[in-house]
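Every number here is computed from the coordinates shown, using simple stated rules; none is lab data. Small disclaimer: the values here were computed from a predicted structure and weren't measured. Quick reminder, even Gly has a Cβ in these numbers, built from the backbone with ideal geometry, and neighbours come from all protein chains shown.
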Amino acid sequence: MAGRALAHSEALAVLQAPDDELLAVLDAAFRVRRQHFGRKVNLHVIRNARSGGCSEDCAFCSQSAVSSAPIEQYPLQSADELVAGARAAADVGAVKYCIVTSGRRPSAQVLAVVCAAARRIVPELPIRLCVSLGALSAEQARELKAAGVARYNHNLETAQRFFPQICSTHTWEERVATVRCARAAGLEACCGGILGLGETLDDRVDLALALRELQVEAIPVNLFNPRPGTPLAGRGKMLPMESLKALAMFRLVNPTAELRAAGGREACLGQLQPLALFAVNSIFTQGYLTTPGQGPSRDLAMLAEAGFEVGQIEG
Ligand code: SF4
């Protein structure tokens, strides 16, 4: 509460807390959450602007080169389609619209279409724009900034130590470099990961600490929900109580970051889903990249019943 940074051992103790202490852990996270964000929950809408066919081999991902998951695959959507998606997102009360493309890095064509969409969305619609296009050069980051993009998403996915076990086609350090590149261009950084890939509790703490060191503005925490046809299809999903302790830990390590319960929220938290709101201040509504969510009407009902308010654009 006083702004002192949590040490690794303290963060680890949160993850190791017995289930009987879950409410105490969530209470600690909620005090910090309330101090910085009150009871507001920012709604985000994610748009898969190009699905599947990625060259990379991230073991959890149904869009990867090594996945045979039965997902819908399609080429880059048009600027018109992306603008229509932003309008629909604004209509459900989202504060951010995130355009995502599969792939290692954006081609000139991808960048041109996304920038064209941005130049229409930003002045016309009451919504902020985030994009996630893979690894970026400094020049590409500046182009996105000039087109009006507010934030760039590029997840570290997991701890530096564990990363080589989930991806061999690029490195954790390359991911960090892209986050730094986006920030250097004046973009906010949205950067998180996915929990439950086989990493240790120490790895989870290391990821949270790495994000603190990078001073990222937003942290999406995905909860692993195995996808058929991927190398990790046989792993179990994250369990509700371990998920909640992890979200509380991320909040306590990163008190002022916009913390988001991202993919896997409904599947992994189950009946305990509303408890996540006591740690996080942001959710995706309208589903995820390749899986559906419970949808805006159930999300809004959940927020209202748990006593939370929908966040508005500030400034
Ligand atoms: S997580 Fe991203 S980079 Fe990795 S395989 Fe999936 S789409 Fe490609």
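With each label modelled as a point 7 angstrom along the Cα→C-beta vector, the residue 66-residue 184 pair spans 3.1 nm.
Below 15 angstrom from the Cβ of residue 312, what's the summed charge of the other residues (Lys, Arg +1; Asp, Glu -1)? With Lys, Arg at +1 and Asp, Glu at -1, the net is 0.
For 97, 74, what's the fewest-to-most ordering of other Cβ within 10 Å of each Cβ? Can you show the working numbers first?
Numbers: 97 25, 74 12.
Listing 97, 74 from fewest to most nearby Cβ atoms yields 74, 97.
Listed values for the range 165-176 are Karplus-derived 3J(HN,Hα) couplings in whole Hz (6.51 cos²θ - 1.76 cosθ + 1.60, θ = phi - 60°), namely 7, 10, 7, 10, 8, 8, 10, 4, 5, 5, 5, 4, and x replaces Gly and Pro. Basic side chains Lys and Arg get +1 at the Cβ, acidic Asp and Glu get -1 at the Cβ, and with that the dipole of the range 8-305 about its Cα centre reaches some 680 debye. Over the range 1-67, the ratio between the Cα radius of gyration and 2.2 N^0.38 Å evaluates to 1.73. With only the Cα atoms considered, the range 19-142 has a convex hull volume of 175 Å³ per residue.
log₁₀ I(q)/I(0) of the range 119-267 at q = 0.14, 0.18 Å⁻¹, via Debye over equal Cα point scatterers, no solvent, to two decimals? Result of the Debye calculation: -0.70, -1.08.
Report the net charge of residues surrounding residue 115, where surrounding means a beta-carbon distance below 14 angstrom and charges are Lys +1, Arg +1, Asp -1, Glu -1. Please report the intermediate quantities before stating the final value.
Numbers: positive: 119, 120, 142, 145; negative: 139, 143.
It works out to a net charge of +2.
Of all lysines in the structure, those lying under 21 Å Cα to Cα from residue 40, and not within fewer than 8 positions of it along the same chain, are 96, 245.
Under a 5 Å amide H cut-off, with hydrogens placed 1.01 Å from N, residue 128 pairs with 96, 97 among residues at least 5 apart or on other chains.
What percent do you get for the relative contact order of the chain when only Cα pairs under 8 Å and 6+ apart count? If you can, show how the numbers build up before the last one.
On the way: 642 pairs, mean separation 76.8, N = 315.
Computed value for the chain: 24 percent relative contact order.
Put simply, the C-alpha atoms of the range 226-315 give a gyration tensor, and the ellipsoid matching it has half-axes of 23, 16, 13 Å, longest first.
Values of log10 I(q)/I(0) for the range 8-305 across q = 0.08, 0.11, 0.12, 0.13 Å⁻¹ run -0.31, -0.60, -0.73, -0.87, by the Debye formula with one identical scatterer at each alpha carbon and no solvent.
Out of every Cα-Cα pair in the range 181-229, what percent are more than 18 Å apart?
Values: 462 of 1176 pairs.
So the portion of pairs separated by more than 18 Å is 39 percent.
Per residue of the chain, what 222 nm ellipticity follows from adding -39500 (n - 2.57) for every DSSP H run with n ≥ 4, rounded to the nearest 500?
-12000 deg cm²/dmol, from helical runs alone.
Other residues lying with their Cβ under 13 Å from the Cβ of residue 62 contribute a combined charge of -2, Lys and Arg counting +1, Asp and Glu -1. In the elastic network of the chain, a GNM with C-alpha springs shorter than 10 Å, the most mobile of 165, 77, 271 is 271.
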